[in-house]
Structures are given as structure tokens and as C-alpha cells.
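Novice: Pasting a structure below so you can have a look.
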Amino acid sequence: MYLINHAAIGIALASQVSNPVAAFGIGWVSHYLADFFPHGDEGVGEWAARKNEIPRILGIVAIDGMLFLGAFAWFSAHQGFSWSAAAAAIGSFVPDIMWGLEKLAGRKLFGIFERLHSWNHNYFKIKLPVFAGVSLQIMFAAALWGWLTLR
Ligand SMILES: [Zn+2]
């Protein structure tokens with residue numbers, strides 16, 4: 001699942017707490033919960049793995065990261081900057097950061113955390129076409145960020 005969606009889910013779930021440390025933890029845990037559902041990343045992962053995997057992944061992360069920063073700036077402009085919202089977003093990135101570091105290192109670094117992440121990732125093993133997965137996530141991101149920002 002893209003970071004822009006993980007961040008929105010983390011911020012939504014952590015919106016009841018004002019402590020950034022608790023918000024960070026909620027964001028982190030929310031990542032595993034969100035990945036549980038089929039979300040259509042598999043096709044994009046296969047495209048990246050075909051060649052130049054690391055540059056392709058970094059390209060996707062760069063676009064995803066810019067979209068997240070734009071969404072977070074919009075959210076902060078309406079709701080005010082909040083350290084706990086920022087911490088929830090960063091916490092929600094942790095499993096994918098660990099995944100990326102293992103990919104770059106070419107070996108396992110985080111043991112149980114990444115085993116949990118990959119075991120739990122799309123638990124139902126439903127593979128959506130790339131177009132459907134990407135559209136679904138864009139619609140989901142727009143709806144959730146819109147609700148968070150304009151409520
Ligand atoms: Zn994940």
C-alpha cells in the first residue's frame with residue numbers, strides 16, 4: 001500500500017490521542033492492519049522487479065512521498081500542524097522503511113517485524129490488476145485525506 005494511504009489511516013486512527021509517542025505507535029501498528037486487505041500493489045512490485053528494481057522503487061517512493069507531503073501540507077493548513085499527526089504518519093512508514101532497508105542491504109535485518117509484515121501483507125492473496133489497484137488507492141487516499149482535512 002502506498003505511503004500516502006498508510007499515513008492517512010495512521011493519522012485517522014491516532015486522531016484521538018495527543019501524545020506523539022502514542023500516535024507513532026498507533027501509526028506503526030495501523031500499517032500491518034491496512035496491509036492485511038488486498039490493495040493491488042502486487043502488479044507494481046512485479047513491474048519494478050523486472051529490471052532496475054531499486055531505481056524503479058525509489059521513483060515510486062519519490063512520487064508517493066511528494067503526494068504525501070502535499071496532502072499533509074493541505075491537512076495542516078486546515079487543521080493546524082500537529083506533532084501527533086506527523087508522528088502517526090512517520091510511524092505508519094516504519095514497516096516499509098524496514099522493508100526498503102532489507103532490500104537495499106540484500107539481507108534480513110529486522111527479523112520478526114518483517115516476517116510479520118510479509119506474512120500479513122495481502123493475507124487473502126487477491127491480486128488486482130495494476131490499473132484497478134492504483135485507481136482504488138487514489139480514490140481511497142482522496143476520500144480519507146479529504147475527510148481528515150475538511151471535517
Ligand atoms: Zn506494508
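Just so you know, all these numbers are worked out from the coordinates, no wet-lab data involved. Owing to the predicted nature of the structure, the values given are computational and were not obtained by experimental measurement. Backbone-built Cβ (ideal geometry, glycine too); neighbour counts: all protein chains shown.
Novice: Where the centre of each part is set by its Cα atoms, how far does region 1-40 sit from region 55-105, in angstrom?
Specialist: 11
Novice: Can you bin every Cα-Cα distance in region 1-133 into 10 Å intervals starting at zero and give me the percent of pairs per bin, rounded to whole numbers?
Specialist: Percent of pairs per bin, in order: 13, 39, 36, 11, 0.
Novice: Go through region 4-58 and name the trypsin sites (Lys or Arg not before Pro) that are in a DSSP coil and have 10 or fewer other Cβ atoms within 10 Å of their Cβ.
Specialist: Filter output for region 4-58: LYS51.
Novice: Additional query: Given the -39500 (n - 2.57) contribution per DSSP H run of 4+ residues, what per-residue ellipticity at 222 nm results for the chain, rounded to the nearest 500 deg cm²/dmol?
Specialist: That calculation yields -26000 deg cm²/dmol at 222 nm.
Novice: Related question: Can you give me the angle between helix 83-105 and the longest principal axis of the chain, using Cα atoms only, in degrees from 0 to 90, rounded to the nearest 10?
Specialist: With rounding to tens, the tilt is 10 degrees.
Novice: Using Cα atoms only, what is the angle between the long axis of helix 53-79 and the major principal axis of the chain, expressed in degrees (0 to 90) to the nearest 10?
Specialist: 10
Novice: Still on this structure: Within 15 Å, Cβ to Cβ, of GLN137, how many net charges do the neighbouring residues add up to if Lys/Arg are +1 and Asp/Glu are -1?
Specialist: Summing Lys and Arg as +1 and Asp and Glu as -1 gives -4.
Novice: Starting from region 87-129, pick out the trypsin sites (Lys or Arg not before Pro) whose DSSP state is loop and whose Cβ has at most 11 other Cβ atoms within 10 Å.
Specialist: Passing sites in region 87-129 are ARG107, LYS108, LYS125.
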